[in-house]
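To start, the structure under review is shown below, and the notes come after it.
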Amino acid sequence: MLDTHQEREILDLYEIALLLNYERTSSEPRFRYTKLREVASHELDFQTLLINTPIWTAHKGPKDGFVFQRMEPAVIADSGSREVPDLPSNMLPQIVYPFARDITQLAPDRLETIYWQARGHDSCFKSVAILQHFFDLYTTDPFIRIRLADGKEYFSSPSTRSIIEYELLTVQRLTIAVVLPENKAYATGSADQPRFKHAVVVFESHSYNGGVQTVLDLASMQFGDTGRGPGHSGKGTLALESLDDYHNRLSSIAAGFRTTKISYHITPDPNEVNEAWMKKVAERAKERWENRDDHHWCGHCARPLANGPELKRCSACRDAYYCHREHQIKAWFSHHKRWCGKP
Ligand SMILES: [Zn+2]
Ligand SMILES: [Zn+2]
């Protein structure tokens, strides 16, 4: 029994989720090379741009509008041709747009939310498909180690996963992200989507504590800060939590919800997804996971970190790494608190 366990690879779901999300959002084709130009809300309407949709003006609830401008790709210095990833920290443009409200004053936390909220548009089926691609890269069914924020730990496997599809009835918050110059608008939660389709992956164990189910929603932040996890006061950029907690979350995102389908595998509409890009994202995450002992990443945002004296790590366990202190604090409250010092 033990021998077969040793042969099967162990994947840490929390770390894999961080890696997949970093690779997906930082290379998202629809928003690639874009910089934030303007931010609007229910209190402050768009200033420089007339959003050519009645959806924005008609929405009476909370709403966020973002305008992005596509730029020329930038290349990382001294890297040959490696392109700079799109990140919340480089989302502001170098230039100041005339007449636009000053967005340089936005706090890093707000920029992070905007980044995930815009790029999360229509991303739940994509992120589920990317996770499927990731699992398909393993020839033998690996163990999935699930470490929850409350300190619970159990093992599951990709072969016992299920994908739950929901219909959210009236998403409360409207998000519109416009990308210039093509003037494409991506809307989440508008009145013309009364039955909003959403999908998540559920992992389970029958042996742990009489049975347990954990939801992974990699695109939870398409709904804004309410999508931060785990739990209601989470600071993370994804949701990894119990099914009950997740259903509580859905109750605050939408006026109601129902489960429409439970399956093992989904196939996204090929007209809507970039299959080659999704596979690349899965491959990059696997490569980074396999190189984890040599190339570390931030425990909040999964940004790759350079080795050397500059490398910031948790002073207590020396086994968790961060790009800066704010991310260390966020990761502490959303996950590391119960895991610091544990193998
Ligand atoms: Zn970070
Ligand atoms: Zn630690």
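The values are calculated or read from the model by the stated rules, or taken from the named source; none is laboratory data. Small disclaimer: the values here were computed from a predicted structure and weren't measured. Note: ideal-geometry Cβ built from the backbone for every residue, glycine included; neighbour counts use all protein chains shown. The accessibility values were calculated without ligands, DNA or RNA, using every heavy atom of the protein model including side chains. Shrake-Rupley method; radii C 1.70, N 1.55, O 1.52, S 1.80 Å.
Among R318, R303, the order of accessible area from largest down is R318, R303, computed with a 1.4 Å probe on protein heavy atoms.
Only one residue of I329, G341, G308 has its Cα farthest out toward the positive end of the dipole of region 278-343, where Lys and Arg carry +1 and Asp and Glu -1 on Cβ, and that residue is I329. What does the charge add up to near A302, with Lys and Arg as +1, Asp and Glu as -1, over the other residues with Cβ less than 12 Å from its Cβ? Taking every other residue near A302 into account, the sum is +3.
Starting from region 229-334, pick out the chymotrypsin sites (Phe, Trp or Tyr not before Pro) whose DSSP state is loop and whose Cβ has at most 14 other Cβ atoms within 10 Å.
Values: sites: Y246, F257, Y264, W277, W289, W297, Y321, Y322, W332, F333; in loops: Y264.
For chymotrypsin sites (Phe, Trp or Tyr not before Pro) across region 229-334 that sit outside H, G, I, E and B with at most 14 neighbouring Cβ atoms in 10 Å, the list reads Y264.
Label-to-label distance, E167 versus N291, with points set 7 angstrom from Cα along the beta-carbon direction: 4.6 nm. Angle of helix 325-334 to the longest C-alpha principal axis of the chain, folded into 0 to 90 degrees and rounded to 10: 60°.
Accessible area per residue for the chain in Å², computed with a 1.4 Å probe and the full protein assembly in place, what is it?
On the way: 16910 Å² over 343 residues.
On a per-residue basis, the chain sits at 49 Å².
Here K63 is the anchor, and the lysines within straight C-alpha reach of less than 28 Å, apart from those fewer than 8 places off in the same chain, are K35, K126, K184, K197, K235, K330. When only Cα pairs below 8 angstrom with a gap of at least 6 residues are kept, the chain shows a relative contact order of 19 percent.
Is region 247-322 best put as rounded, prolate or oblate by its Cα gyration tensor, with a ≥ b ≥ c the root eigenvalues, rounded for a/c under 1.5, and otherwise prolate when a/b is larger than b/c, oblate when not? Intermediate results must be reported in sequence, preceding the final value.
Details: a/c = 3.27, a/b = 1.61, b/c = 2.02.
Oblate, since a/c reaches 1.5 and b/c is not below a/b.
Taking all protein chains as shown and a probe of 1.4 angstrom, Y154 keeps an accessible surface of around 10 Å².
Ordering C298, C340 from largest to smallest accessible area (1.4 angstrom probe), what's the sequence? Walk me through the numbers on the way to the answer.
Details: C298 0, C340 35 Å².
Highest to lowest solvent-accessible surface, that is C340, C298.
For chymotrypsin sites (Phe, Trp or Tyr not before Pro), the sites in region 63-117 that DSSP calls loop and that have at most 13 other Cβ atoms within 10 Å are F99.
Separation of the alpha carbons by more than 19 angstrom is noted, of K261/K286; K152/K337; K152/K342; K286/K312, for K261/K286; K286/K312. Measuring with a 1.4 angstrom probe and ignoring ligands and nucleic acids, D293 comes out at about 130 Å² accessible.
When only the Cβ of Lys, Arg, Asp and Glu is charged (+1, +1, -1, -1), the dipole of the chain relative to its Cα centre reaches about 580 debye.
Each Lys or Arg adds one and each Asp or Glu takes one away; over the other residues whose Cβ falls under 10 Å from the Cβ of P93, this sums to +2. Projecting the Cα atoms of A149, F134, Q105 onto the dipole axis of the chain, where Lys and Arg carry +1 and Asp and Glu carry -1 at the beta carbon, places Q105 farthest toward the positive end. The GluC sites (Glu not before Pro) of region 262-343 meeting both criteria, a DSSP state outside H, G, I, E and B (loop) and at most 14 other C-beta atoms within 10 angstrom of the site's C-beta, are E272, E310.
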